[in-house]
Amino acid sequence: MNDLAGKHIVLGLTGGIACYKSAELCRALIKAGATVQVVMTEAAGQFITPVTMQALSQRPVYGSQWDVRADNNMLHINLSREADACLIAPASADFMAKLAQGRADDLLSLLCLARPRQTVPLLIAPAMNREMWSHPATQRNVAQLCADGATVLGVGQGDQACGETGDGRMLEPQELLDDLVAFFQAKPMLGQQVLVTAGPTYEAIDPVRGITNLSSGKMGFAIARAAREAGADVTLVAGPVSLATPRGVRRVDVLSARDMQAAVAQHVGAATVFIACAAVADWRPAVAADQKIKKDGSGLVPELGFVENPDILAAVAQSARAQCRALYCVGFAAESQDLLANAQAKRARKGVPLLVGNIGPATFGQDDNALLLVDEARAQELPRNSKLVLARQLIANIASRIRAGGRNDAG
Ligand code: C5P
């Protein structure tokens with residue numbers, strides 16, 4: 001995905017063993033469409049060579065403010081003016097202390113200080129031993145950097161190069177990439193609490209068998225990610241899928257429709273937007289056997305009776321209406337034919353202002369999809385694209401409906 005197309009990133013490396021991850025990060029940024037200018041402190045050069053970073057970034061690497069390669073001899077100005085963002089990864093405790101004090105005795109700190117703050121954001125990915133990270137001096141510097149307008153990304157938790165275990169690892173390259181991509185997204189959902197359901201449900205027949213469906217969860221996970229990128233606080237109630245949790249999203253794993261209903265009931269009270277993307281099983285076996293149902297050789301097959309599952313979306317929408325709650329509800333319809341007519345009918349039946357139709361067999365398990373947004377008045381197509389791009393378009397669309405005072409009823 002070309003999420004960083006057209007972006008020019010100054011990638012600053014300071015002294016820390018996490019420099020080995022910066023090589024991968026540099027590749028990931030370029031793969032996402034960015035151009036990358038690497039600037040290294042002298043200490044970073046103890047951990048990784050400029051040759052490696054030059055080969056990966058396909059640009060000369062700078063380390064000294066006295067480098068004569070710049071015609072005007074003002075590297076700190078040239079490099080910072082060209083950038084769309086400066087990302088310091090890894091940022092050592094010492095380098096953060098330096099930035100917090102506004103010192104500028106090497107090229108990287110100099111260009112951070114000299115950058116136009118309004119247009120060139122500074123993102124910092126700390127990396128250090130857990131004692132250094134939790135030290136009051138470091139935490140004071142983090143607070144100061146945030147107060148000065150920098151974005152201090154989180155740290156990872158786990159085994160550290162020194163043999164200790166705790167907070168302070170640099171985030172993984174993919175996590176840093178996701179954070180940077182999210183940073184550049186518009187924030188129309190700031191202040192919203194979004195609850196999303198995703199994936200299939202699993203309805204047990206006995207302890208080893210059950211009924212499920214082909215939903216991969218990819219669309220719902222993309223929606224959760226897009227809502228988070230757009231600034232919302234996001235809770236994702238996920239059926240049984242093995243997808244990675246999007247950055248910054250609170251995830252609740254469930255199995256059956258009734259588990260999903262309970263998890264939704266627990267979180268919907270705080271929500272302002274509910275997006276029901278899950279492919280919830282319509283029916284479940286009336287009885288789930290305690291023990292595995294055995295084939296006894298008689299040729300007789302077990303009789304499975306079914307009961308209907310609760311309709312989570314319809315119930316949530318109805319109760320929000322009854323309480324006059326400002327909860328904007330969005331449903332999904334996975335159809336195999338007559339998308340518009342089915343989506344319109346489903347929107348009315350569920351009692352929601354917006355229903356998103358898609359052709360199930362054409363999208364299950366795929367990374368792309370095409371959506372049809374159906375409201376009271378009209379239908380709008382979002383043409384085939386990756387699920388993440390569609391999710392971003394859908395979230396932007398929902399945000400503008402909320403801004404326009406969208407009511408939570410079917411019209
Ligand atoms: O009725 P149908 O399953 O086609 O409706 C699909 C929409 O309703 C989706 O938004 C889905 O998440 C939601 N749904 C639900 N609970 C059910 C069935 C569907 O929330 N039991």
Extreme residue, farthest from the chain's Cα centre (by Cα), among residues of segment 7-20 that are in contact (Cβ under 8 Å) with a residue 60 or more places away in the chain and surrounded by fewer than 24 Cβ atoms within 10 Å (Cβ to Cβ): Gly15
Going by what's in this entry, would Ala100 be described as modelled with pLDDT of 95 or more, of a type in the set (A, V, I, L, M, F, W, C) and over 26 Å from Ala161 (Cβ atoms)? no
Selection from segment 39-49 of residues surrounded by fewer than 24 Cβ atoms within 10 Å (Cβ to Cβ) and among the hydrophobic types (A, V, I, L, M, F, W, C) yields Ala43, Phe47, Ile48
Would you confirm whether any residue within segment 394-411 is at pLDDT 95 or above and part of a strand (DSSP E or B)? no
Out of (1) buried (at least 16 other Cβ atoms within 10 Å of the Cβ); (2) within 27 Å of Pro285 (Cα to Cα); (3) not acidic (Asp, Glu), the one Leu214 does not meet is (1)
When residues of segment 339-362 are filtered for being in a helix (DSSP H, G or I), farther than 14 Å from Glu381 by Cβ and within 11 Å of the ligand (Cβ to nearest atom), how many remain? 7
Just checking, which of Gln160, Gln193 is buried (at least 18 other Cβ atoms within 10 Å of the Cβ), of a type outside the set (Asp, Glu) and at pLDDT below 95? Gln160
Looking only at segment 316-334, how many residues end up being more than 13 Å from the ligand (Cβ to nearest atom) and hydrophobic (A, V, I, L, M, F, W, C)? 5
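Could you tell me how many of the residues in segment 112-132 are in a helix (DSSP H, G or I), within 25 Å of Gly168 (Cα to Cα) and of a type in the set (A, V, I, L, M)?
Matching residues across segment 112-132 total 2.
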Note on segment 352-401: residues more than 23 Å from Ala320 (Cα to Cα), in contact (Cβ under 8 Å) with a residue 40 or more places away in the chain and basic (Lys, Arg) are Lys387, Arg392
May I ask you to list the residues in segment 324-338 that are under 16 Å from Gln193 (Cβ atoms) and outside any strand (DSSP E or B)? Arg325, Ala326, Leu327
Of the conditions (1) closer than 23 Å to Gln160 by Cα; (2) not in a loop (DSSP other than H, G, I, E, B), Gly15 clears all except one; give me its number. (2)
Is it the case that segment 103-115 has a residue that's closer than 14 Å to Val142 by Cα and buried (at least 22 other Cβ atoms within 10 Å of the Cβ)? no
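The values are calculated or read from the model by the stated rules, or taken from the named source; none is laboratory data. From a predicted model like this one, the values you see are computed outputs, not experimental measurements. Note that we place each Cβ from the backbone using ideal geometry, even for glycine, and neighbour counts take in every protein chain shown.
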